[in-house]
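One structure is given below, encoded as C-alpha cells.
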Amino acid sequence: MTSKGISVKKRTINPQEKINKVILASRKLFVEKGYCGVSIPDIVQASGVSTGAIYSHFKDKETLAKRIHAYTVDEFNEMLQSRLTGTESVQEVLKVFTYLVCDLVEENPILMKYMLFMQHGGAVAGLSPICETDPFRFLQQHLRRGLEEGVVHRRQDFMVAGLSYTGVTLRAAELRMDGVLTESMTEIRDVLAENGWNAIKA
C-alpha cells in the first residue's frame with residue numbers, strides 16, 4: 001500500500017497477542033458478571049478482538065473458559081515458583097505462598113478472585129478444584145515433607161494441614177476483596193503467615 005510514493009506497512013497483531021487479550025478480558029468479565037452472564041459479544045467489546053478471530057482460536061465459550069482456567073493456574077504457579085529461589089524450609093515455602101496471595105489481592109484482584117471462585121457455578125465441566133491444581137499440589141508436597149520431618153503436627157494429614165494453613169490467608173483475601181477487611185493484605189501478611197503456621201506446626 002502506498003501514499004504519494006511512500007510505502008505504508010500495515011500493522012498485524014500477533015495471534016498469541018489476540019489470544020491473551022481475549023483471555024484477560026474474558027477473565028475479568030467472568031469475575032465481574034459470572035460465566036453465564038457473559039456473552040461472546042460482551043467479550044468482543046471488552047477485548048477489541050473480532051467474533052471471527054475469537055472463534056478461530058476457541059471453539060466456544062466453554063473452551064475459552066477452560067483455557068482461562070489453565071492460563072490462570074499457570075500464571076499463579078509461575079509467580080509462586082519465581083519467588084521460591086533459595087527457599088528451603090517448609091515454613092518458608094508456605095510463607096512465600098501467603099505473601100503471593102496477599103500481594104495479588106492488592107495488585108491483581110481479578111486474578112486472585114478467579115483463583116478463589118473459578119468453578120463458574122459448575123457451568124463448565126472438567127475444571128479442577130483449586131486444591132487439585134499445580135500450585136496447591138506443590139504446597140501439599142511440602143506439607144507431606146513437614147510431616148515427615150516432624151515440623152508439622154502429626155495428628156493431621158497433609159490435606160487437613162493444608163486447609164488449616166491456607167484457610168487463614170484465603171479467608172482474609174475473600175474478606176479484603178469483599179470490602180469487609182479494610183487493612184491492606186500486604187500490611188498483615190506476616191501476621192497471616194504466622195497464624196497459619198501456628199495452626200499446623202508441631
Practice prompt. Select one label from (1) -0.18, -0.31, -1.07; (2) -0.28, -0.43, -1.04; (3) -0.22, -0.36, -1.07: the one whose number is log10 I(q)/I(0) by the Debye sum over Cα atoms at q = 0.07, 0.09, 0.16 Å⁻¹ as derived from the coordinates shown.
Written response: (2)
Worksheet item: So how do 194-201, 99-106 stack up, highest first, on mean other-Cβ count within 10 Å?
Response: 99-106, 194-201
Worksheet, complete the sentence: Of the listed links K21/K61; K21/K95; K33/K113; K95/K201, those spanning more than 20 angstrom between alpha carbons are K21/K95
Practice prompt. For every other residue with a beta carbon closer than 10 angstrom to the beta carbon of I40, add +1 if it is Lys or Arg and -1 if Asp or Glu, then tell me the sum.
Written response: -1
Worksheet item: Taking all protein chains as present, what is the carbon and sulfur share of the accessible area of the chain, in % to the nearest whole number, probe 1.4 Å?
Response: 51
Fill in: Sequence-distant residues sharing a close amide H with V152 (under 5 Å, placed H)
L147, A202
Worksheet item: Which order do peptides 78-86, 170-178 fall in by mean Cβ count within 10 Å, highest first?
Response: 170-178, 78-86
Practice prompt. Before anything else, pin down the relative contact order of the chain: Cα pairs under 8 Å, at least 6 apart, normalised by residue count, whole percent.
Written response: 21
Worksheet item: Which distance in Å, rounded to a whole number, links the C-alpha centroids of the range 37-62 and the range 88-118?
Response: 29
Worksheet entry | Solvent exposure of the chain as accessible area per residue, Å², 1.4 Å probe | 55
Practice prompt. For K18, go through the aspartates and glutamates and keep the ones whose alpha-carbon is under 17 Å away, minus same-chain ones fewer than eight residues off.
Written response: D42, D60
Worksheet, complete the sentence: CD proxy, 222 nm, the chain: helix-only mean residue ellipticity via -39,500 (n - 2.57) per DSSP H run with n ≥ 4, per residue, nearest 500, stands at -22000 deg cm²/dmol
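The values are calculated or read from the model by the stated rules, or taken from the named source; none is laboratory data. Because the structure is a prediction, the values reported are computed rather than measured. In this analysis, Cβ positions are derived from the backbone assuming ideal geometry, glycine residues included, and neighbour counts consider all displayed protein chains. Just so you know, the surface numbers come from the protein's heavy atoms only, side chains and all, with ligands and any DNA or RNA stripped out. Shrake-Rupley method; radii C 1.70, N 1.55, O 1.52, S 1.80 Å.
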